[in-house]
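A.B. asks: Quick one: the structure is below, questions incoming.
Just so it is clear, none of the values below were taken in a lab; they were calculated from the coordinates. These figures come from a predicted structure and were not determined experimentally. With ideal geometry, Cβ positions are generated from the backbone for all residues, glycine too; neighbour counts draw on all protein chains shown.
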Amino acid sequence: MAIGEFGGAPALPFRGGLAATTPMYWMYEMGYASLNPARAVTDATRILFQNPLNPWSHTQVGKSVAAGCELFERITRRYGKPEWGLHETEVNGVRTPVEIRSVWEKPFCRLLHFERQFRKAPSTPQPRLLIVAPMSGHYATLLRGTVEAMLPTHDIYITDWSDARMVPLSDGRFDLDDYVDYLIEIFHVLGGDVHVMAVCQPAVPVVIAVSVMEAANDPYVPYSMTLMGGPIDTRRNPTAVNKLAEERGIDWFRNNVITKVPFPQPGVMRDVYPGFLQLTGFISMNLDRHVDAHQRLFANLVKGDGDKVEKHRDFYDEYLAVMDLTAEYYLQTVEQVFIKHALPKGELLHRGKLVDPSKVKRVALMTVEGENDDISGLGQTEATHDLCSSIPQSRRVHYMQEGVGHYGVFNGSRFRSEIVPRITDFMLSSQMKPRPAAVVAAE
């Protein structure tokens, strides 16, 4: 199931809106807690009617009761952060164990390394790749398929963003400037010997970070940046998400979707755009599709079609797991990217200094778009080439994948068979080609 909003830009709320005053989150928590007794009874009933020793479990009525109980439990559950589940990969035909380690950490992000345990070093080049995951409502595990597809040929690192409700208020704020500073620090930790891939939302902060580093002649810029379905210039082919942001204006978002984290969460009293409200926005965009999916789940549970049931569980365990975003980051991103279009207009500031993408010269650029992308319209990512005008033509590539939507840009069969090989070739060639001589001399 390829849901368009899955992995998109920072989630915008449904058009009806909500009065997101401070008590709203607290009322949500109370409502969730009040359902715990009903969920416990329902779960016990499901177990009873799935017990093979119970004669009713073999009847249509019994199967329907068990299916209804599971449906209720799943609809009212709070979904936690999913596991990566990537324990091995195949490198040059050899099954290779993978160990996931945190190699850098700050309050709002960890840098994870998918360390492959080689018995013998691979004979083919294995570029180091930093994948910058979206900070847009879903966890970094959203890119599990992306990581899995790149692991056989790359040494993978990924940003694992924190749920804002789990970060104590004493750890300070986090906005778009902090996001960019985190990326620059990560590039320094990795020593510059790395390529970077930004999937959707992080395309903007990656361009900002690289531009800031290039302007400072920082020696730790990456070899290349690959931007996939990112909202660089949302004036081009604006989608429903883009239009909604412009129609509402930043004051509407500030007054209607920002609330405070309630007790007993660690981030109590932090201003956030809450995950449950984001999820409402996600679902409302394709409500009929989600209703149909759960109706099919009920029917498949009654029929005992385990494969289809498991497929549904896997998808929605990921899809329904959402995290809170800090209010300052969310509002700044909406205003600068979707309303003011500050980056393509040359008006974006980082720590009070103008960001100039034309300073980028040493970093090769690849942009990837999906033909049917309904989140980042065609041309929005390609616009990066106009902004980064100083990159030599021989070190830039644009690719449009036919027949895929937003999700298909970074996951699925077309991604694995057609996009991944192009990205790998681009990274290898950009690492082999010399950077502009004048810039290298300046270093």
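A.B. asks: Tell me, how many Å apart are the Cα centres for region 176-204 and for region 357-372?
C.D. replies: When both Cα centres are located, 14 Å separates them.
A.B. asks: Here's another thing I want to ask about it. Would you compute, from DSSP H runs of 4+ residues alone, the mean residue ellipticity of the chain at 222 nm, taking -39500 (n - 2.57) per run and dividing by the full residue count, rounded to the nearest 500?
C.D. replies: When only DSSP H runs of four or more count, the value is -11500 deg cm²/dmol.
A.B. asks: Here's a follow-up. Using the number of other C-beta atoms within 10 angstrom as an exposure proxy, rank I375, I391 with the fewest first.
C.D. replies: Listed from fewest to most nearby Cβ atoms, that is I391, I375.
A.B. asks: Defining a contact as two alpha carbons under 8 Å apart and six or more residues distant in sequence, what relative contact order in percent does region 161-311 show?
C.D. replies: The normalised contact order for region 161-311 reaches 24 percent.
A.B. asks: Same structure, new question: Would you kindly state how much longer the chain becomes between Q117 and R254 on full extension, computed as 0.36 nm times their sequence separation minus their alpha carbon distance, in nm to one decimal?
C.D. replies: Stretched fully, the Q117-R254 segment lengthens by 44.6 nm.
A.B. asks: In addition: Per 0.36 nm of contour for each residue apart, how much would the distance between D175 and A44 grow if the chain were fully extended, relative to their Cα-Cα spacing? Don't skip to the end; give the middle numbers.
C.D. replies: Details: separation 131, 0.36 × 131 = 47.16 nm, distance 4.42 nm.
Difference between extended and current length: 42.7 nm.
A.B. asks: Ranked highest first by the average count of other Cβ atoms within 10 Å around their residues, in what order do 251-260, 361-370, 59-68 fall? Could you put the intermediate results ahead of the total?
C.D. replies: On the way: 251-260: 18.9, 361-370: 24.5, 59-68: 16.3.
Most protected by this proxy first, the peptides run 361-370, 251-260, 59-68.
A.B. asks: Next question, about the same structure. In region 92-154, what is the volume of the convex hull around the alpha carbon atoms, normalised per residue and reported in Å³? Could the numbers behind the result be given before it?
C.D. replies: Values: hull volume 5.8 nm³, N = 63.
Cα convex hull per residue, to the nearest whole number: 93 Å³.
A.B. asks: Take peptides 80-87, 198-205 and line them up by average Cβ neighbours within 10 Å, highest first, as a rough protection proxy.
C.D. replies: Result, highest mean first: 198-205, 80-87.
A.B. asks: From the backbone phi of region 185-199, what are the Karplus-calculated ³J(HN,Hα) couplings (6.51 cos²θ - 1.76 cosθ + 1.60, θ = phi - 60°) in whole Hz, Gly and Pro given as x?
C.D. replies: In residue order, the calculated couplings are 5, 5, 4, 5, 4, 7, x, x, 7, 7, 9, 10, 10, 10, 9 Hz.
A.B. asks: Amide H neighbours of R128 under 5 Å, counting only residues 5+ apart in sequence or on other chains, H built in-plane at 1.01 Å?
C.D. replies: Here the answer is D155, H195, since their amide H atoms fall under 5 Å of that of R128.
A.B. asks: Something else: When the label point is put 7 Å from the Cα of D386 along its Cα-to-beta-carbon vector, which residues of region 171-211 have a backbone N closer than 18 Å?
C.D. replies: 204, 207-208
A.B. asks: Next question. Taking 0.36 nm per residue of separation and subtracting the Cα-Cα distance, what length does fully extending E371 through E83 add?
C.D. replies: Using 0.36 nm per residue and subtracting the Cα-Cα distance, I get 100.6 nm.
A.B. asks: Would you give the gap between the C-alpha center of region 135-171 and the C-alpha center of region 289-349, rounded to a whole Å?
C.D. replies: Rounded to whole Å, the Cα centres lie 14 Å apart.
A.B. asks: Another one. Too long at a 23 Å Cα-Cα cut-off: which of K243/K340; K243/K345; K63/K311; K260/K345; K81/K106; K106/K311?
C.D. replies: Violating the 23 Å Cα-Cα cut-off are K260/K345; K106/K311.
A.B. asks: Using Cα positions and a limit of under 17 Å, work out the lysines in reach of K361, with same-chain residues fewer than 8 apart set aside.
C.D. replies: K433
A.B. asks: Shifting gears a bit: Quick one: which of 137-148, 213-224 comes out on top by average Cβ neighbours within 10 Å, and what's the full order, highest first?
C.D. replies: 137-148, 213-224
A.B. asks: Taking amide H atoms as placed 1.01 Å from N in the peptide plane, list the residues 5 or more away in sequence, or in a different chain, whose amide H sits under 5 Å from that of G230.
C.D. replies: Those qualifying (amide H under 5 Å, at least 5 residues apart or on another chain) are C200, T381.
A.B. asks: For the chain, calculate the relative contact order in percent as a whole number, restricting contacts to Cα pairs under 8 Å that are 6 or more residues apart.
C.D. replies: Value for the chain: 22 percent.
A.B. asks: Kindly work out what percent of the DSSP beta bridges joining two residues of the chain are antiparallel, to the nearest 5.
C.D. replies: Numbers: 25 of 48 bridges.
The answer is about 50 percent antiparallel.
A.B. asks: Under 18 Å from a label point 7 Å along Cα→Cβ of E99: give me every residue in region 141-164 with its amide N that close.
C.D. replies: 155-158
A.B. asks: Determine ³J(HN,Hα), in whole Hz, for all residues of region 53-58 in sequence, where each value follows from phi through the Karplus function 6.51 cos²θ - 1.76 cosθ + 1.60 and θ = phi - 60°; x replaces Gly and Pro.
C.D. replies: 7, 8, x, 5, 5, 9
A.B. asks: Could you let me know the centre-to-centre spacing of region 207-235 and region 35-50, using Cα atoms, in angstrom?
C.D. replies: 51 Å
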